[in-house]
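Participant: Dumping the structure here so I can ask a few things about it.
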Amino acid sequence: MFKFIKFMYKIMASLFSFPFLLLSKVTGYVYVSELISLLPFRFGEYVRYEFYRRTLSECGRNVTISFGTILSYPDITIGNNVWIGTFNIFGHVDIGDYTLTAQSCNFLSGADQHGIAETNIPIMKQPGIPKRIRVGPDIWVGANVTVLANIGNGCVIGAGSVVVKDIPDWAIAVGNPARVIRLRK
Ligand SMILES: CC(C)(COP(=O)(O)OP(=O)(O)OC[C@H]1O[C@@H](n2cnc3c(N)ncnc32)[C@H](O)[C@@H]1OP(=O)(O)O)[C@@H](O)C(=O)NCCC(=O)NCCS
């Protein structure tokens with residue numbers, strides 16, 4: 001009985017996600033991501049999953065995108081068995097299998113979204129060089145982490161850290177800027 005209700009719940013979420021697929025073609029991807037980020041309960045998680053599995057470059061099985069989380073671009077890729085916590089924001093990112101992120105993490109498209117070389121042109125008008133970053137697989141990113149560089153396999157990033165340089169495989173890194181305090185193996 002419970003399995004049947006869950007199945008029906010998923011079917012409803014799947015149907016509910018269709019208008020958002022159309023809307024994303026009209027309004028732009030990020031606006032729809034913002035809108036569906038506000039759907040609450042398990043139902044919201046199902047709707048987001050249905051939307052993202054149809055629109056992202058790649059979105060694996062058993063993926064949870066929690067309330068308030070925004071995926072800004074359809075070129076984001078997500079592996080299998082991924083848990084994204086509440087109020088995360090993603091730029092151009094490849095998210096590996098078994099990635100776990102806590103609440104309020106920011107995954108930026110590198111560190112150079114704007115040029116800063118010219119002083120006679122406002123920074124907001126100077127184009128930068130957005131970069132793709134790769135995080136995971138098998139990582140735990142603590143609460144309130146900002147990520148501007150790659151995170152290797154099997155890493156743990158301590159709460160409140162700012163990742164400005166690539167983190168090697170199996171590292172536990174903490175602080176601002178994030179520094180490796182030890183390796184898991
Ligand atoms: C990183 C973490 C996993 C601990 O790893 P650990 O290897 O057991 O580290 P320890 O607790 O032994 O601490 C080692 C050192 O790092 C420091 N440290 C640990 N976590 C830190 C953090 N988040 N920021 C800055 N420094 C930190 C400790 O103060 C200690 O410093 P010291 O050696 O000068 O005393 C943990 O502190 C953490 O941040 N967990 C994330 C929690 C979270 O965000 N949960 C959200 C829900 S999923």
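Participant: How many residues are outside any loop (DSSP other than H, G, I, E, B) and either near the ligand (Cβ under 8 Å from one of its atoms) or modelled with pLDDT under 95 (or both) when one looks only at the range 174-185? First the steps, then the outcome.
Facilitator: In the first step, residues of the range 174-185 are kept if they are outside any loop (DSSP other than H, G, I, E, B); the result is 174, 179-183.
This time we only want the ones that are either near the ligand (Cβ under 8 Å from one of its atoms) or modelled with pLDDT under 95 (or both), so: 174, 181-182.
Qualifying residue count for the region: 3.
Participant: Something else now. If only one of Val135, Val141, Val147, Val162 is within 11 Å of the ligand (Cβ to nearest atom) and closer than 19 Å to Ile76 by Cα, which one is it? Write out each step before concluding.
Facilitator: On the way: Val135 fails: within 11 Å of the ligand (Cβ to nearest atom); Val147 fails: within 11 Å of the ligand (Cβ to nearest atom); Val162 fails: closer than 19 Å to Ile76 by Cα.
On inspection, the qualifying residue turns out to be Val141.
Participant: For the range 1-48, what are the residues that are outside any helix (DSSP H, G or I) and among the hydroxyl-bearing types (Ser, Thr, Tyr)? Spell out the reasoning first.
Facilitator: Start the filter on the range 1-48 by keeping residues that are outside any helix (DSSP H, G or I), which leaves 1, 28, 37-40.
Once the filter is applied, which keeps residues that are outside any helix (DSSP H, G or I) and among the hydroxyl-bearing types (Ser, Thr, Tyr), the range 1-48 yields only Ser37.
Participant: Report, by residue number, each residue of the range 132-142 that is buried (at least 17 other Cβ atoms within 10 Å of the Cβ), at pLDDT 95 or above and not aromatic (Phe, Trp, Tyr). Please lay out each step first, then the result.
Facilitator: Taking the range 132-142 as the starting set, the residues that turn out to be buried (at least 17 other Cβ atoms within 10 Å of the Cβ) are 133, 135-142.
The next check asks that each one be at pLDDT 95 or above; those that pass are 133, 135, 137-142.
Ile133, Val135, Pro137, Asp138, Ile139, Val141, Gly142 - these are the residues of the range 132-142 that are buried (at least 17 other Cβ atoms within 10 Å of the Cβ), at pLDDT 95 or above and not aromatic (Phe, Trp, Tyr).
Participant: Pull up the range 117-130, narrow it to residues that are surrounded by 10 or more Cβ atoms within 10 Å (Cβ to Cβ) and not acidic (Asp, Glu), then point me to the one that is farthest from the chain's Cα centre (by Cα).
Facilitator: It comes out as Ile121.
Participant: Related question: Hey, among Phe67, Phe18, Phe87, which residue is without any contact (Cβ under 8 Å) to a residue 60 or more places away in the chain and not assigned by TED's automatic domain parsing to the domain that holds Val135? Quick ask: steps written out before the conclusion?
Facilitator: Values: Phe67 fails: not assigned by TED's automatic domain parsing to the domain that holds Val135; Phe87 fails: not assigned by TED's automatic domain parsing to the domain that holds Val135.
Going through Phe67, Phe18, Phe87 in turn, the sole match is Phe18.
Participant: Under the condition of being more than 14 Å from the ligand (Cβ to nearest atom) and among the hydrophobic types (A, V, I, L, M, F, W, C), which residue from the range 82-104 is nearest to Thr64 (Cα to Cα)?
Facilitator: Ile95
The values are calculated or read from the model by the stated rules, or taken from the named source; none is laboratory data. Bear in mind the structure is a predicted one, so any value in this text is a computation, not a measurement. Every residue, glycine among them, receives a Cβ derived from its backbone with ideal geometry; neighbour counts consider all protein chains shown.
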